Amino acid sequence: METGKTGKYFKYAIGEILLVMIGILLALQVNNWNENRKNSTIEQNTLMSLKSDLESALIQLDTKINKNESFRAADSILLDIMHFKKHVAIDSIENLILSHIFSPGFDPELGTLNEILSTGKMEVIKNRTLRKHISTWNKYMDELSEVDEKLAHLDLQVKEPLYSKQIPMKNTLSVFLSSVHESAADIPKSNFEWDPEALFKTIEFENMLSNYMIYSSIQYKRLIDIKQNINEMISLINQDINDD
């Protein structure tokens, strides 16, 4: 201080401070880089796992859509036969009726998507559009569940009691059990005969088919919406995986 070297000491102190600050900034930068790389790895693994789940769900969804179309077609034909009082062979009528006993469900195993929604993994997904699709998934499924419950109610509370009084249900065994065991296809048909005319003369049967047509049409629309959502998610995932 006495020899006039104060300025040099200040310059030295400032230099030391700057070096410390630069070191801290570099350390933070390296830490951020490592964190980003870690998050990027997590994101890529999550996206690939999510894509695999969605592709499996898409296969199950296509099966349900095909069955929905098939069942609606059968119910429409039955309504047409009933309305115009067409004469159709009893075997053909039986096949139309027994081809649609229970409405199929859609319960995909989407562990990765559920994990994203229930944990903080949503934050590692950079694509905002993909995040929006993921966040609205439960909305689509809830809407589908509403109509599925209506169809399940028709299956168990309306169709089954009505058919059990009118149709020999044993005739469905060979169809359903043959998928489990080949010998089941040899199960003989019921000895009880039934008259389609008696069934076609009941308003309960017409009302049931009409309700199936209504709710199955709603179900079809919601299944198509879900399929579009899945395809869009897969497309976005492919872009993000390819970009990296």
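Here is how the numbers come out for the structure above:
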| quantity | calculated |
| --- | --- |
| Among Thr112, Ile125, Ala198 - extreme Cα towards positive end, dipole of the chain, charges at beta-carbon | Ile125 |
| Label assignment, mean projected area of the Cα convex hull in nm² derived from the structure, set (1) 12.4; (2) 20.5; (3) 13.5 | (2) |
| Given Lys165/Lys201; Lys86/Lys201; Lys67/Lys170; Lys121/Lys227; Lys64/Lys221, the pairs whose alpha carbons are separated by over 18 Å | Lys67/Lys170; Lys121/Lys227 |
| Sorted by Cβ density within 10 Å, fewest first, the residues Met169, Met208 | Met169, Met208 |
| Charge dipole magnitude, Cβ of K and R +1, D and E -1 - segment 51-243, Cα centre, debye nearest 20 | 420 debye |
| Selection of chymotrypsin sites (Phe, Trp or Tyr not before Pro), segment 69-110, meeting DSSP coil and at most 15 other Cβ within 10 Å | Phe102 |
| Pairwise centroid distance, computed over Cα atoms, of segment 75-129 with segment 210-226, Å | 8 Å |
| Estimated [θ] at 222 nm from DSSP helical runs (n ≥ 4, -39500 (n - 2.57)) normalised by residues in the chain, nearest 500 | -25000 deg cm²/dmol |
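We did not get these values from a lab; they are worked out from the coordinates using the rules stated. Being a predicted model, the structure only gives us computed values, none of them experimental. Please note: Cβ atoms are built from the backbone with ideal geometry, for glycine as well, and neighbour counts cover all protein chains shown.
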